[in-house]
1. Which angle between 0 and 90 degrees, to the nearest 10, do you get for helix 195-207 versus the longest principal axis of the chain when only C-alpha atoms count?
2. Relative contact order (percent) for the chain, with alpha-carbon contacts under 8 angstrom and 6 or more residues of separation?
3. Using Cα springs under 10 Å in a Gaussian network model of the chain, which residue among Leu182, Leu170, Leu231 shows the largest mean-square fluctuation?
4. Would you mind checking the tilt of helix 217-234 against the longest principal axis of the Cα atoms of the chain, expressed as 0 to 90 degrees and rounded to 10?
5. If the elastic network links every pair of Cα atoms under 10 Å, which of Ile119, Ile33, Ile162 fluctuates the most in the Gaussian network model of the chain?
6. So how far, in whole Å, is the C-alpha centre of the range 65-123 from the one of the range 272-338?
7. At 7 Å along Cα-to-Cβ for each site, give me the label-to-label distance between His316 and Phe264 in nm.
8. Evaluate E = 1/(1 + (r/R0)^6) for Gln58 and Arg255, where r is the Cβ-Cβ distance and R0 equals 35 Å; express this FRET efficiency to the nearest 0.05.
Amino acid sequence: MRNYPKTDGMKRFFLYLCLTFVIASCTRNPLNINVSGIVVDLKIKHLDVDLLKLKPDQVQAAVPELKRSYGEFFDIFTYRMIAIGGSGQENFPDLLYSFVSDTLIRELEAKVAEKLDTIQLREELEDAFKHYKYYFPQKEIPAVYTCISGFNQSVVISEKLIGISLDKYLGTDSPFYEQLGLPVYKRRNMHQGRVVPEVMYGWAATEWPKTDVNNTLLSQMIQEGKMMYFLDAMLPELHDTLKIGFTEKQLSFCRKNEARMWTFMAEHKMLFTTDRMNIKRFIDDGPYTASFSDESPARTGVWLGWQIVRSYMKEHPEMTLPDLMNKTDSQEILNLSGYQP
């Protein structure tokens, strides 16, 4: 076979292919892995459906079956979420039916059906837990239960289960939330796009809880940063605004003012403060961070901790996600992160 010399055009073509490959390799998200071959047995049960379909003369007879079917979550729901006590109480069926037949609960049932796509929710949860199984193959997948709680907890977590109160995600413009007097910064995240990030964050927070060493602002920033990096791994294609619950404008503020915020904390010796109120100022939710402008979001300490952990993982590609989540030395993570905003 004759060998033909490559033309200049062919050389340029191959050079272009090489450059394209290099650029793609540099920009590709290493967390965006293929989980299509991973199988998870995600059990999702809908207490809201099974409970709200009951008629007055069916409630008492249905209680034992609801307890059997929903187990621990049924007690969490009745004791903690709607506060009517347990099934052993003599008047429990009457209290449960009062909840079921309440006009507001019935309105919420209709709005949940209108505003939330439970099929899409299942698909998103399954995808997130496929990523979880990829990184943590030995860990169990929790059962997931949905309910309508009358605006109580958004997400509840127990050892082997997750409960989601669907009426807390009816949309930022829901008139219910305005009537309740909820501030805008809270309503902003009460929509379906925030369900899965809040579920996965809540699950991570129970799997890797804060320890006694998390008593400085820096340690809490790094702890929160680890939780957010966990979301990066579980939801690699989700936009950062949905992961952390910021608007585009708030996220832009953080990116533009990252160096200034970090410098402020360092110069005012805030990083190692153990003062509870100072820590809350940068970690807790609210309308904005009081130390910065009113254009800033709250939880800027969480966002900065996230960037530190991202930088740390970029500097140490050999570090696995389980290793990161089990690492408790926040100072070491900062020191080895190469973080330079």
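1. The angle comes out near 90 degrees.
2. It rounds to 15 percent for the chain.
3. In the Gaussian network model the winner is Leu182.
4. Once rounded, one gets 90 degrees.
5. Highest fluctuation of the listed residues: Ile119.
6. That distance is 37 Å.
7. 2.9 nm
8. Taking R0 as 35 Å, the efficiency between Gln58 and Arg255 is 0.05.
Laboratory data are not the source of any read-out in this text; all were calculated from the coordinates shown. Note that the coordinates shown come from a computational prediction; the quantities given were computed from them, not determined experimentally. Reconstructed Cβ throughout: ideal geometry from the backbone, glycine too, with neighbour counts over all protein chains shown.
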